[in-house]
Amino acid sequence: MKRVAILISGGGSNMRRLVEDMKGDHPARPCLVLSNDPGAGGFARAAEMGVPTAVVDHRAFPDRPAFEAGLTDALEAARADIIALAGFMRILTPPFVARWQGRMLNIHPSLLPKYRGLDTHARAIAAGDAEAGCTVHEVTADLDGGPILGQARVPVLAGDTAADLAARVLVQEHRLYPAVLRRFAVGQRGRLDLSPQAGID
Ligand code: GAR
């Protein structure tokens, strides 16, 4: 049984979906929800769900390596095998990434390699894209550039605001991330492409 630490900075809706999925015959269990922000909405929710929680507040450390040493301490104490970044909005340095390479996933709200970084939905709309979506990928030192493990697509509709599109994509994030994590936990690295229609709830 793999032990999964989920790192968040915000509302934690993807974290909730991952935790809800890790039950029964699932090959992994949540061992920690870690936030860099004690005010993150998802943090209280994780505790309510009975998952161990930790705060490693980046503002309490003098620099990024010291912050990451704090992350490593918490992750090692939790005996994490896999790290799932779920809206974790701190950039991680190459030494930290190397330490977890092959064991760390991220979800990103675009169809990578398009729109690495921030403001993905506004950029997709501004470009006139007909579709958008989300990607789960392995984390490497190349920001948002690691091997793609899965994608899900949605249409961009006429008149969409960035918030409209973000909400449509988030529904797909909640399908994609649990599906990819299940496969990843048993060593499957092949790419999963969710069909646009199936499973829309
Ligand atoms: C999600 O849309 C996720 O894809 C995005 O932050 C949101 C977190 O939502 N991640 C990134 O932008 C990473 N660069 P959540 O806290 O409700 O899961």
Could you tell me how far the Cα centroid of the stretch 73-104 sits from the Cα centroid of the stretch 1-40, in Å?
13
Difference of contour (0.36 nm per residue) and Cα-Cα distance, Ser195 to Ala130:
21.8 nm
Label point distance in nm, Glu48-Arg123, each placed 7 Å from Cα along Cα→Cβ:
3.4
At 7 Å along Cα-to-Cβ for each site, give me the label-to-label distance between Ala158 and Gln101 in nm.
4.9
Relative contact order computed over the stretch 107-201 (Cα-Cα under 8 Å; 6+ residues apart), in percent
29
Can you send over the carbon and sulfur percentage of the accessible area for the chain, probe radius 1.4 Å, protein chains only?
56
Solvent-accessible area per residue for the stretch 107-201 at a 1.4 Å probe radius, Å²?
46
Each label sits 7 Å from Cα toward the beta-carbon; between Ala77 and Ala167 the label points are separated, in nm, by 3.9
What FRET efficiency, computed as 1/(1 + (r/R0)^6) with R0 = 41 Å and r the Cβ-Cβ distance, is obtained for Arg116 and Arg59, rounded to the nearest 0.05?
0.95
Can you give me the relative contact order of the chain as a percent, contacts being Cα pairs under 8 Å and 6 or more apart?
19
Using each residue's phi in the stretch 88-99, evaluate 6.51 cos²θ - 1.76 cosθ + 1.60 at θ = phi - 60° and report the 3J(HN,Hα) Karplus result to the nearest Hz, with x for Gly and Pro.
8, 9, 10, 6, 9, 7, x, x, 5, 4, 4, 4
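The values are calculated or read from the model by the stated rules, or taken from the named source; none is laboratory data. Predicted model only: the values in this text are computed from it and were never measured. Here the Cβ is made from the backbone with ideal geometry for all residues, glycine too, and neighbour counts use every protein chain on show. We work out accessible area using only protein heavy atoms, side chains counted, and drop any ligands, DNA or RNA first. Shrake-Rupley method; radii C 1.70, N 1.55, O 1.52, S 1.80 Å.
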